[in-house]
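Report on one structure; see the data block that follows.
Read the figures in this text as sums done on the coordinates, not as results from a lab. Owing to the predicted nature of the structure, the values given are computational and were not obtained by experimental measurement. Because the Cβ atoms are built from the backbone with ideal geometry, glycine has one as well, and the counts that use them run over all protein chains shown.
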Amino acid sequence: IYEPEVIGADDFDARHLAFINASLRELEAALAERGGRLITRVGEAVEVIATLHDEIGFEAIHAHQETGNGMTYARDLRVADWARRSGVEVIEHRQHGVTRRLADRDGWARDWQALMSAPQVATPETIETVAGPASDGIEVPESFGLEAGDASHVPMQQGGEARAAEVLRSFLAARGEHYRSDLSSPVSAGEACSRLSPYLAYGNISLRRVYQRTEHRLLAIRRERRGSPWLKSLQAFGGRLRWHCHFMQKLEDEPAIEYRNMNRAFDGLREDEFNETWFQAWQEGLTGYPLVDACMRALRATGWINFRMRAMLVSFASYHLWLHWPRPAAFLARQFLDYEPGIHYSQFQMQSGTTGINAVRIYSPIKQVLDQDPDGVFIREWVPELAGVPAEHIAQPHLMPALLQESAGCVIGRDYPAPIVDHATAYNAARQRIFRARGSFEARTESRRVFVKHGSRRGARSRMRG
């Protein structure tokens, strides 16, 4: 069902619809091969389902168990209410290790392991279908007033089960060997990371399948007993699969974290100081901090950036610019092709320091250049204004002497902006304010509640990682 309310929301973008449509086209062909058909409709979910019920009649609705945003949650409640009144059973199938109505986190990891280790469901060879119901077909973004955007020189990932399978195969066969060492740098992460996230977000591949294929590859590596990076890389990747569901569980347990601070003691910390000019510069990749700008421009063009750089973007907005997180969160949701609400809002709260149970990480946009892109390879690709800047100045081009700026073809203030905030001043002010807030009696009390509800039970470090 193409739902105009969902498609018009502030966390939805044409890139999401394009990925969904590519997935639907492949699904349509796969269903046809098995004697089935895909029916699409445009409209409000309850109205569409009720109309179909009038047309063909049915006794049950099968759907995947979703941990979505507040809008889709409200829609699910409306569908469930209609189903009860109409005598229709709603059966939701778990797709991740997220547990509905979870009493507490004790035993959660054990349950996750059991679910991921269970046998996969086989694809049916034939499908019985009903004749008659009309389909609205595949709807293009323009039908909903969405702008498809400019074509990038690095195309976005395309949806579909076959593409998901190939991405997994290439990761486990070759690309993932240096995952552990290369995942943090934007120079290497595009190749070394799994790149499975959009396929998991839109159901092109199951987390169970990814987990079991990874475990199978790990077993083979252990048998080979080779001294390669594969073992540690795939062990690290397996840990990320667990964290995927861990963060989704947070939104499942407390849907309000989509729009309010997880730790309510931080209410009022940033809300009244939102600088629109800084927010605009951050969105456009014009902050005067080369790696921040390169990451934002790459993300807008490709729909993806690696986790460390995502954390840096959020940290910069939350600490250096002191922006309250909901509007930056909505903007980045539109940019992330792999937007998954449960992960997105949990991570935003964590990286902006509003959980009270996670370590405060204020990323230095200067140090991150030195650590992750010291030669400026990634920066020059995405911020061509800096193409002629020597490597020793790539982290802080505004410090170049005037003559060097001219010879490098990058005059600060003309070709590339000066930093919109001073790093040291902004860093120190943010650090002082966040730790003052964390130290209050209210914050410490609230943090205990947050940990009991959301904290990982996997060892002592969980207090730091949440």
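Structure above, values below:
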quantity: Net charge, residue 400 excluded, C-beta distance under 12 Å - Lys, Arg +1, Asp, Glu -1; calculated: -3
quantity: Peptide ranges 95-102, 61-68 listed from the most packed, as the mean C-beta count within 10 angstrom indicates; calculated: 95-102, 61-68
quantity: Cα→Cβ-extended label distance, 7 Å offset, between residue 256 and residue 31, nm; calculated: 3.9 nm
quantity: Distribution of pairwise C-alpha distances over the stretch 309-446, 5 Å bins, in %; calculated: 2, 9, 16, 17, 17, 15, 11, 6, 4, 2, 1, 0
quantity: Net +/- balance of residues flanking residue 374 in space, Cβ distance below 11 Å, scoring K and R +1, D and E -1; calculated: -3
quantity: Student exercise, the chain dipole from Lys, Arg, Asp, Glu Cβ charges, in Debye to nearest 20; calculated: 2760 debye
quantity: Computed FRET value (nearest 0.05) for residue 147 with residue 226, which takes r as the C-beta separation and R₀ as 41 Å; calculated: 0.25
quantity: Which of 338, 267 has the fewest Cβ neighbours within 10 Å, and the rest in rising order; calculated: 267, 338
quantity: Note, ³J(HN,Hα) from phi for the stretch 352-367, Karplus 6.51, -1.76, 1.60, rounded to Hz, x at Gly and Pro; calculated: 9, x, 9, 8, x, 10, 10, 4, 6, 10, 9, 6, 7, x, 7, 4
quantity: Residue-span extension gain [residue 387 to residue 102] - 0.36 nm each, minus C-alpha spacing; calculated: 97.4 nm
quantity: Mean shadow area of the chain, taken as a quarter of the surface of its Cα convex hull (nm²); calculated: 24.6 nm²
quantity: Size of the stretch 1-93 as Cα extents on the principal axes (Å, biggest first); calculated: 37, 37, 23
quantity: Mean Cβ count within 10 Å, highest first, over the residues of peptides 425-433, 156-164, 236-244, 353-361; calculated: 353-361, 156-164, 236-244, 425-433
quantity: Theoretical FRET efficiency, 1/(1+(r/R0)^6), r = Cβ-Cβ of residue 243 and residue 136, R0 30 Å, to 0.05; calculated: 0.20
quantity: MRE, 222 nm, helices only [DSSP H, n ≥ 4, -39500 (n - 2.57), over the chain, to nearest 500]; calculated: -15500 deg cm²/dmol
quantity: 0 to 90° range, to nearest 10: angle between helix 108-117 axis and the chain longest Cα axis; calculated: 60 degrees
quantity: Ranked packing of 26-33, 222-229, 447-454, 103-110, most packed first, by mean Cβ within 10 Å; calculated: 447-454, 26-33, 103-110, 222-229
